[in-house]
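Undergrad: My questions all concern the structure below.
The values are calculated or read from the model by the stated rules, or taken from the named source; none is laboratory data. These figures come from a predicted structure and were not determined experimentally. Neighbour counts are summed over all protein chains in view; Cβ atoms, including those assigned to glycine, are modelled from backbone coordinates with ideal geometry.
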Amino acid sequence: MLLTDIDFKTLKLPVHPQALSAILQLDDHTEMNFKELDNLIRVDQAISAGILKLANSSFYSRGNKVTSLQNAISLLGFKLIKSMVVLLTTKSLFELGKYEKFRVHVYRHSVVTAIVAKSLAASLGMPHLQEEAFVAGLLHDIGKVILNVCDRTRFIETLNLCIENGISACAAEKQVFGIDHAEVGHAAAIQWKLPELLARVIAEHESGLTTPTAGDTDRMTLVVQYADTVAKKAGYGIYRSEVDEVCARVAQKLGLTPALRDANEKNQKARIEADPFFKYCTGLVA
């Protein structure tokens, strides 16, 4: 299979790519964008219910029941609401893989990567990019979703190759499809006009070639690379011995202290499973 064999415009997806792009392009600098986000939430009952459920969860609730979207938006803030709209909008993409290996190694892996990336962005002095980090972590493996849509049988074959033979996802995908999920995901991001930062993360999160610079895009790519390995070490995603080496190398590039590495890597599985936000996210795709 070649990239030219995939028609991203006619790909049968439950989410309209232009709608996803429009959501991701919204920012909190204008009242118009606030109104657009509010309108988008109100016309979709599933998204409205999901936002209210999150606002009343133990993770965000301040003890008072939130019954209106206006109060939910006020409580959670524009950027977090936008991230949640992306999560609630794209959950139907992940629901296309209704089998356990996909749920664990693609969906739950993506959720854990998103949560770790968001937390790490805050720890590294990038609080203005926490929600961008969450979205980048959530969508970094979108190419796997697309490959699963194109040919579920062959995608399951790639998962089995990774699990049984211990080879990387990209190597397995190249062997079975002739292309890998990073290539497919990047091509989709360009076709769908997703933000440049997100397209870059999708393209490079597997390469390990990113070098730290003062730029947000390079640092974000490294943040997602690190979060990706932490998720795999925690049992969400396919773990191989090379994961530890990649994790250490990316941590060094990011300049993570031993204390920060311990905070992210030690007992991560237990902490993640006890996290009410993780429970909320994973409950969306059973």
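Undergrad: In region 142-176, how many are of a type in the set (S, T, N, Q) and farther than 23 Å from residue 189 by Cβ?
TA: Total satisfying the criteria: 4.
Undergrad: Here is a follow-up. How many residues does region 35-44 hold that are assigned to a helix (DSSP H, G or I) and farther than 24 Å from residue 114 by Cβ?
TA: Residues meeting the conditions: 3.
Undergrad: Could you list all residues from region 137-159 that are within 22 Å of the chain's Cα centre (by Cα) and of a type in the set (S, T, N, Q)?
TA: Answer for region 137-159, where residues must be within 22 Å of the chain's Cα centre (by Cα) and of a type in the set (S, T, N, Q): 148, 158.
Undergrad: Residue 158 versus (1) in a helix (DSSP H, G or I); (2) touching a residue at least 60 places away in the same chain (Cβ under 8 Å); (3) more than 28 Å from residue 84 (Cβ to Cβ): which is the lone unmet condition?
TA: (2)
Undergrad: Does residue 53 satisfy the condition of being part of a helix (DSSP H, G or I), outside the structural domain of residue 23 (by TED's automatic domain parsing) and of a type in the set (D, E, K, R)?
TA: Spelling it out, it is not the case that residue 53 is part of a helix (DSSP H, G or I), outside the structural domain of residue 23 (by TED's automatic domain parsing) and of a type in the set (D, E, K, R).
Undergrad: Can residue 50 be described as of a type outside the set (A, V, I, L, M, F, W, C) and either in contact (Cβ under 8 Å) with a residue 60 or more places away in the chain or surrounded by 14 or more Cβ atoms within 10 Å (Cβ to Cβ) (or both)?
TA: Taking the combined requirement at face value, the residue satisfies it.
Undergrad: Any residue that is acidic (Asp, Glu), over 14 Å from residue 106 (Cα atoms) and part of a loop (DSSP other than H, G, I, E, B) - is there at least one of those in region 201-224?
TA: Within region 201-224 (the criterion being acidic (Asp, Glu), over 14 Å from residue 106 (Cα atoms) and part of a loop (DSSP other than H, G, I, E, B)), the answer is yes, since at least one residue qualifies.
Undergrad: Which numbered condition in (1) closer than 22 Å to residue 19 by Cα; (2) at pLDDT 85 or above is the only one that residue 41 fails?
TA: Unmet for residue 41, out of (1) closer than 22 Å to residue 19 by Cα; (2) at pLDDT 85 or above: (2).
Undergrad: Suppose we filter region 135-155 for residues that are in a helix (DSSP H, G or I) and in contact with a helix residue (DSSP H, G or I) (Cβ under 8 Å, 6 or more places away or on another chain); how many remain?
TA: The total comes to 14.
Undergrad: Now a separate question. Look at region 63-90 and say how many of its residues are in a loop (DSSP other than H, G, I, E, B) and either of a type outside the set (A, V, I, L, M, F, W, C) or within 19 Å of the chain's Cα centre (by Cα) (or both).
TA: Qualifying residue count for the region: 6.
Undergrad: Does at least one position in region 108-121 carry a residue that is over 13 Å from residue 227 (Cβ atoms) and outside any helix (DSSP H, G or I)?
TA: no
Undergrad: Tally time: how many residues in region 248-273 are within 23 Å of residue 108 (Cβ to Cβ), in contact (Cβ under 8 Å) with a residue 12 or more places away in the chain and outside any helix (DSSP H, G or I)?
TA: So the count comes out to 0.
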